Amino acid sequence: YQGVLGDLIGNSPQMKEIFSLIRQVAPTTASVFITGESGTGKELVARAIHRLSPRNGGPFVAVNCAALPETLIESELFGHEKGAFTGAVERRAGCFERAGEGTLLLDEIAEMPIGTQAKLLRVIEESKVRRLGGANDFSTSVRVLAATNHGPEDAVRNKLLREDLYYRLNVFHISLPPLRDRKQDIAFIGTALIRDLNRKHSCRVTNLSPDVIQRFEEYSWPGNVRELRNVI
């Protein structure tokens, strides 16, 4: 449909530009750095890139770096061998291994410990991974996408994100606008959300009334599209 790319929705000039950037970068092997406030759809952008890429037959793996404790994040990323640490009762494949020939999204990468960022940079530059407790490296050809709701330059300046890792990942940059800056999309998004929620909940709710649309357009939506969906 016009104004729809994967699960991304919008007819505003800003979103048309986003769609154009996605179509431009998807067929390449370039790393992409996706930025935007929480709820703007960063993972949806990553999934659209994967879906339109030659890797679309492979896995799409997303890991939220902010949701993992520091003691587990390296195991989640790189995997581990049996006995590598207390509780490692069997070999476990990490995200790079699970993504295989597909795409790996590192969400909220500025929340990743600095020490782990150094190891991640080595993996990306050498295309080789070693499981924790392992003796040998194995090759990886996964495409890495990164996302953050921080301003990446601020994260680098505040020592939350390694500068060398940022420049390695920021081959191509896509910045998602907040919903308050593209309010002309609200009615269009609302219609699509209602259609989706009707199907999910077996309901027959009609579209948003003009009064509701006006109220929605007067609101600032700090939670962006995620908040709009929850309200609907």
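The values are calculated or read from the model by the stated rules, or taken from the named source; none is laboratory data. Since the structure is predicted, the reported quantities are computational estimates derived from the model, not experimental observations. Please note: Cβ atoms are built from the backbone with ideal geometry, for glycine as well, and neighbour counts cover all protein chains shown. Surface accessibility is based on the protein's heavy atoms, side chains included, excluding ligands, DNA and RNA. Shrake-Rupley method; radii C 1.70, N 1.55, O 1.52, S 1.80 Å.
The table below gives the values:
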read-out: DSSP-defined antiparallel bridges as percent of all bridges, the range 77-232, nearest 5; value: 35
read-out: Ellipticity estimate at 222 nm from DSSP helix runs (n ≥ 4, -39,500 (n - 2.57)) divided over the chain, nearest 500; value: -12000 deg cm²/dmol
read-out: Whole-number percent relative contact order across the range 110-165, with pairs defined as alpha carbons under 8 Å at least 6 apart; value: 48
read-out: Within-11-Å neighbourhood charge of Ser220 [Cβ basis; K, R +1; D, E -1]; value: -2
read-out: Volume of the Cα convex hull of the chain, divided per residue and given in Å³; value: 145
read-out: Neighbourhood net charge (14 Å Cβ-Cβ; Lys/Arg +1, Asp/Glu -1) for Gly100; value: +1
read-out: At most 15 other Cβ within 10 Å, DSSP loop - chymotrypsin sites (Phe, Trp or Tyr not before Pro), the range 61-143; value: Phe85
read-out: Positive-end extreme of charge dipole, the range 64-120 - chosen from Gly87, Ile109, Ser75 (charges on Cβ); value: Gly87
read-out: The range 132-208: trypsin sites (Lys or Arg not before Pro) in DSSP loop, at most 12 other beta carbons within 10 Å; value: Lys159, Arg204
read-out: Degrees between helix 42-51 axis and first principal axis of the chain (Cα, 0 to 90, nearest 10); value: 80
read-out: 19 Å cut-off, amide nitrogen to a point 7 angstrom out along Glu101 Cα→Cβ, residues in the range 120-160; value: 127-129, 138-145
read-out: Separation between Cα centres of the range 65-123 and the range 132-192, rounded to whole Å; value: 17
read-out: Set of the range 103-119 residues, backbone N closer than 18 Å to the point 7 Å along the Cα-Cβ line of Phe85; value: 111-119
read-out: Contact order normalised by residue count of the chain, Cα under 8 Å, 6+ apart, percent; value: 26
read-out: Convex hull of the range 169-216 built on C-alpha atoms - directionally averaged projected area, nm²; value: 5.1
read-out: Percent of Cα-Cα distances greater than 20 Å, calculated over the range 49-106; value: 33
read-out: Helix 13-25 vs. the chain, principal-axis angle (Cα, 0 to 90°, nearest 10); value: 30
read-out: Residue-normalised accessible area of the chain, expressed per residue, 1.4 Å probe, Å²; value: 52
read-out: Set of lysines near Lys16 by C-alpha distance (under 22 Å), chain-local residues within fewer than 8 positions excluded; value: Lys42, Lys183
read-out: 0 to 90° range, to nearest 10: angle between helix 186-201 axis and the chain longest Cα axis; value: 70
read-out: Around Lys183: net Lys/Arg minus Asp/Glu count, Cβ-Cβ under 11 Å; value: -2
read-out: Percentage relative contact order, the range 61-130, counting C-alpha pairs under 8 Å, at least six apart; value: 40
